[in-house]
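Okay, so here's the structure we're looking at.
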Amino acid sequence: MSKTILTVTDLKKCYGPVEVLHGVDFAVDAGERVALMGPSGSGKSTLLNCLSGIERWEHGQIRIDGFDLGQADRGGLERLRRESIGYIFQAFHLLPTLSAYENVELPGQLIGMSAAERRRRVTELLEAVGLGHRAGHRPDALSGGERQRVALARAVMHRPRLILADEPTGSLDSVAGAQVLNLLKQLSADHGIALLLVTHDPATAEICDRTVHMRDGRIEETP
Ligand SMILES: Nc1ncnc2c1ncn2[C@@H]1O[C@H](COP(=O)(O)OP(=O)(O)OP(=O)(O)O)[C@@H](O)[C@H]1O
Ligand SMILES: [Mg+2]
């Protein structure tokens, strides 16, 4: 029996008077890669923002790694974000004053990893994404594809059980995008990390085990 890492039950979310998620139900197994596709405005980013604790919701339940997000206080939510989840966004969100090395190291510091383990792991991850030789560079001295590979290394630094990725290759050309996707798949497979990947691109969805379609704030039933 496979263990479920993420369960969303009848999730409803409003912006002001407008309901944009109308009762979302779905689940992701441990280590499973799921693509989330659907038209612009269908609620994909809103759903991811609820899952990552950036947005609150009005109705329904989210459980990540056995943890009920709706019941969590600020400290509990912060801990979950630090320990169990990794994030990758369209626009890298790297800290501009830190080097590639320091950006990747940060999540390890936040969970209290020892200095020796951090050094070993940052070095290993930067090598894995092909950026060992760029460790000392700040984000503004890296290409878009290189920045996103740093963001990838950072997202798995603290050994999360789930990665949430919102169009991670949306701002990259096709070559850099393919490289980032292959690395994302490899890191997920090597470390048994589940992945929820928002994308508009059917080719991108192919790195996943299955695809879930969203339309008008609902998950569409697959026939
Ligand atoms: N902060 C906000 N305030 C009010 N309405 C919002 C806000 N964010 C999103 N919406 C609305 O919620 C709906 C869902 O938006 P969302 O960004 O989740 O769509 P999406 O599926 O991610 O689209 P895209 O593929 O274009 O990124 C849209 O109608 C959008 O206008
Ligand atoms: Mg979006």
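The values are calculated or read from the model by the stated rules, or taken from the named source; none is laboratory data. As the structure is a computational prediction, the values presented were derived from the model and not from experiment. Note: ideal-geometry Cβ built from the backbone for every residue, glycine included; neighbour counts use all protein chains shown.
Brief remarks on what is shown
- For region 185-193, the criterion of being among the β-branched types (V, I, T) and more than 20 Å from I85 (Cβ to Cβ) is met by no residue.
- L21 being within 12 Å of ligand 1 (Cβ to nearest atom), among the hydrophobic types (A, V, I, L, M, F, W, C) and under 14 Å from V198 (Cα atoms): no
- Per this entry, P107 is not counted among residues that are under 18 Å from the mean Cα position of the chain (by Cα) and not in a helix (DSSP H, G or I).
- Residue match in region 16-24 (condition: modelled with pLDDT under 95, more than 14 Å from the chain's Cα centre (by Cα) and within 14 Å of ligand 2 (Cβ to nearest atom)): no
- Residue count, region 58-110 (criterion: β-branched (V, I, T), surrounded by 14 or more Cβ atoms within 10 Å (Cβ to Cβ) and farther than 23 Å from S45 by Cα): 1
- Which listed residue is surrounded by 13 or more Cβ atoms within 10 Å (Cβ to Cβ) and small (G, A, S), from S40, S52: S52
- Checking the stated criteria, L125 turns out to be without any contact (Cβ under 8 Å) to a residue 40 or more places away in the chain and buried (at least 18 other Cβ atoms within 10 Å of the Cβ).
- Within region 130-175, the set of residues being within 16 Å of ligand 2 (Cβ to nearest atom), part of a loop (DSSP other than H, G, I, E, B) and within 22 Å of L110 (Cβ to Cβ) comprises just one member, P168.
- Cβ-Cβ contacts under 6 Å between residues 6 or more apart (or on different chains), taken from a first residue in region 162-188 that is hydroxyl-bearing (S, T, Y) to a second residue that is crowded, with 20+ Cβ neighbours inside 10 Å and not in a helix (DSSP H, G or I), are listed as S188/R33; S188/L195.
- Scanning region 178-223 for residues that are of a type outside the set (S, T, N, Q), away from ligand 2 (no atom under 15 Å from the Cβ) and in a strand (DSSP E or B) yields A194, L195, R210, R218, I219.
- The single residue among I54, I88 that is β-branched (V, I, T), in contact with a strand residue (DSSP E or B) (Cβ under 9 Å, 6 or more places away or on another chain) and under 30 Å from E220 (Cα atoms) turns out to be I88.
- The lone exception for L47 - which of (1) within 14 Å of ligand 1 (Cβ to nearest atom); (2) in contact with a Cys (Cβ under 8 Å, 6 or more places away or on another chain); (3) of a type outside the set (G, A, S) it fails: (2)
- Annotation note: Cβ proximity below 8 Å between a residue of region 35-50 that is touching a residue at least 12 places away in the same chain (Cβ under 8 Å) and a residue that is more than 8 Å from ligand 2 (Cβ to nearest atom) and polar (S, T, N, Q) (sequence gap 6+ or interchain) occurs for A35/T199; A35/T204; A35/T211; L36/T199; L36/T211; M37/T199; M37/T211.
- Search result, residues across region 72-82 that are in contact with a helix residue (DSSP H, G or I) (Cβ under 8 Å, 6 or more places away or on another chain) and either part of a loop (DSSP other than H, G, I, E, B) or not hydrophobic (A, V, I, L, M, F, W, C) (or both): A72, R82
- Among residues of region 66-78 that are in contact (Cβ under 8 Å) with a residue 24 or more places away in the chain and under 14 Å from I54 (Cα atoms), those with a beta-carbon under 8 Å from a residue that is assigned to a helix (DSSP H, G or I) and hydrophobic (A, V, I, L, M, F, W, C) at least six positions away or on a different chain give the pairs L77/L69.
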